[in-house]
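Notes to accompany the following structure.
The values are calculated or read from the model by the stated rules, or taken from the named source; none is laboratory data. These numbers come from a predicted model, not from an experiment. Every residue, glycine as well, gets a Cβ built from its backbone with ideal geometry; the counts of neighbours run over all protein chains shown. Accessible surface areas use protein heavy atoms only, side chains included; no ligands, DNA or RNA. Shrake-Rupley method; radii C 1.70, N 1.55, O 1.52, S 1.80 Å.
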Amino acid sequence: MSKLFRYLPSVGEVLSALAKGGGFGELPRPLVKNLVNDFLDICREEIRAGAFSEPEQLAVKALMPRLTAYVRAKSRPHFRRVLNATGVVIHTNLGRSLLAKPAIDAVAEACGHYSNCEFDLSTGKRGSRYSHVEKILCDITGAEAALVVNNNAAAVFIMLETLAKGREVIVSRGQLVEIGGSFRIPDVMAKSGATLREVGATNRTHLHDYENAVGDQTGALMRVHTSNFRVVGFTKEVPLAELRKLGDRYNLPVLEDLGSGTLYALEGEGLLGEPTVQQVVAQGADVVSFSGDKVLGGPQAGVIVGRKEYIDRIKKNPINRAMRIDKMTLAALEATLRLYLDMDEARRKIPTLNMITASAEALKSKARRLADAVRDALGKRAEVGMKKGVSRVGGGAFPEYDLPGTMVTVAVKGVAVKELRDALLDTDPPLIARIEDDEFLLDPRTLASTELKLAASALKQGVAALTK
């Protein structure tokens, strides 16, 4: 065994062979060198384990197929594209909303060139980065002023820190939500310096609960939209219009955290219970916060709209600088918002809205094409079928509503569904699907038409790796 170590090629020999073979010239040499060292260490371990018996097996030419595959796999960027066949449209773990083509183009333009990010072209002097999106946000929502920070958690925090620090904020007990990542309204409120005053019961809160809690220390009345859960049955919430009247009576601002937030009315799609930002502004909320990268379908951002006197105070908060968005987010958000000037165009061109509102006929047709592509790729190695199923909006929106559609089922002979799922994590690109009742499912709702053959190719790669 010890003699075999002598036949292991040097790092220099391997690097020369890789250079002659081509294909890795775009990679930094130090990276390739480190990967070669790692590969040779693996070979040494295999020698100790008895995996090699002849010197010829350790020649550069013999090792080259494995070596190139190793370097190719390990040199991939860590941040990678994946194929989402889960049917969850706003999938937090997979990057949430996809940007519309105009937004993607706007980001490329902002990245590749200097821009008027904080430059006023009408005066030739320094300008405000928020000017690029404030007017269009006001035009769409009906608000007097607007501000954008880096996410909705930041929006809620700076709203409370600016308007209610050191004072009480009255919130219904049934609205003390927790979202993913342990973001809890009580915790954020405590960090902001405001004091939570919870009122009512978990399932029922009345106007008199709020009114009885108002005192000298009250700084604001706040509603939190329960985006990611619903309380049903014997329930009651105080409508925003009534809370607005109470705020007027005691000269208190009324704040609303919409969570996901939407600018597109989805009631016609059978998705109820998600008020639009426009409706909340019209009903009298002084300040409204919501996400840019969920149902809105834009980049990660926390949007704050409302009365000018309050928005101006938030803008002047020094914390705002720590939460401001960059030029790429600004470019993507403006381009996305411009689509909302025509709601039909928004539905067609914003991927999130397009996927949520896809018709049953369109989804069945897409499922049929996906099934055909998978059959062509796997041949007799798999049984491919179609069945009715449901997708989800995701992103904490519409938790109790199913989106009906058509799924593609795949059963590979001799391969367990969990083995198949795991193998697809290592394909190029990785394919993320789901398992239900021990059945492997592909949901075409969250695959673009241009990705159907890619998904079939990924399955072919995964099955080949399992059955070689």
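The residue that is most open to solvent (accessible area, probe 1.4 Å), counting only those in the stretch 151-174 that are part of a helix (DSSP H, G or I), farther than 15 Å from ALA220 by Cα and in contact with an Asp or Glu (Cβ under 9 Å, 6 or more places away or on another chain), is ARG173.
If you take just the strands (runs of 3 or more DSSP E) that sit entirely in the stretch 237-346, which of them hold at least 1 residues that are over 30 Å from PHE119 (Cα atoms), under 26 Å from the mean Cα position of the chain (by Cα) and of a type in the set (Phe, Trp, Tyr)?
Working: elements: 254-257, 287-291, 302-306.
In the stretch 237-346, no matching strands (runs of 3 or more DSSP E) lie anywhere.
If you take the residues of the stretch 422-468 that are within 17 Å of VAL384 (Cβ to Cβ) and among the β-branched types (Val, Ile, Thr), which of them is surrounded by the most Cβ atoms within 10 Å (Cβ to Cβ)? Per the criteria, the residue is VAL463.
Among residues of the stretch 126-152 that are under 13 Å from ARG338 (Cα atoms), those with a beta-carbon under 6 Å from a residue that is aromatic (Phe, Trp, Tyr) and not in a strand (DSSP E or B) at least six positions away or on a different chain give the pairs ILE140/TYR340. The condition (being crowded, with 18+ Cβ neighbours inside 10 Å and farther than 28 Å from MET222 by Cα) is satisfied by just one residue among LEU99, LEU94: LEU99.
Filter the stretch 29-75 down to residues that are of a type in the set (Val, Ile, Thr) and more than 34 Å from the chain's Cα centre (by Cα) and give me whichever is farthest from LEU4 (Cα to Cα). Filtering the stretch 29-75 for residues that are of a type in the set (Val, Ile, Thr) and more than 34 Å from the chain's Cα centre (by Cα), the one farthest from LEU4 (Cα to Cα) comes out as VAL36. Among the residues of the stretch 69-91, are any assigned to a helix (DSSP H, G or I) and loosely packed, with under 12 Cβ neighbours inside 10 Å? Yes, some residue in the stretch 69-91 is assigned to a helix (DSSP H, G or I) and loosely packed, with under 12 Cβ neighbours inside 10 Å.
Of everything in the stretch 10-24 that is open to solvent by 40 Å² or more (accessible area, probe 1.4 Å) and in contact (Cβ under 8 Å) with a residue 40 or more places away in the chain, the residue that is nearest to the chain's Cα centre (by Cα) is GLY23. Selection of first residues in the stretch 358-369 that are under 12 Å from LYS387 (Cα atoms) and of a type in the set (Lys, Arg) and of second residues that are modelled with pLDDT of 95 or more and open to solvent by less than 60 Å² (accessible area, probe 1.4 Å), restricted to Cβ pairs under 6 Å at least 6 apart or on distinct chains, gives the following pairs, ordered by first then second residue: LYS364/THR406.
Could you check, for the stretch 308-316, whether at least one of its residues is aliphatic (A, V, I, L, M) and under 24 Å from ARG129 (Cβ atoms)? Walk me through how you get there before you give the answer.
Here is the first cut: in the stretch 308-316, the residues aliphatic (A, V, I, L, M) are 311, 314.
Next cut, under 24 Å from ARG129 (Cβ atoms) only: 311, 314.
So far as the stretch 308-316 goes, yes, one or more of its residues are aliphatic (A, V, I, L, M) and under 24 Å from ARG129 (Cβ atoms).
The lone criterion from (1) open to solvent by 10 Å² or more (accessible area, probe 1.4 Å); (2) without any contact (Cβ under 8 Å) to a residue 60 or more places away in the chain left unmet by GLN278 is number (2).
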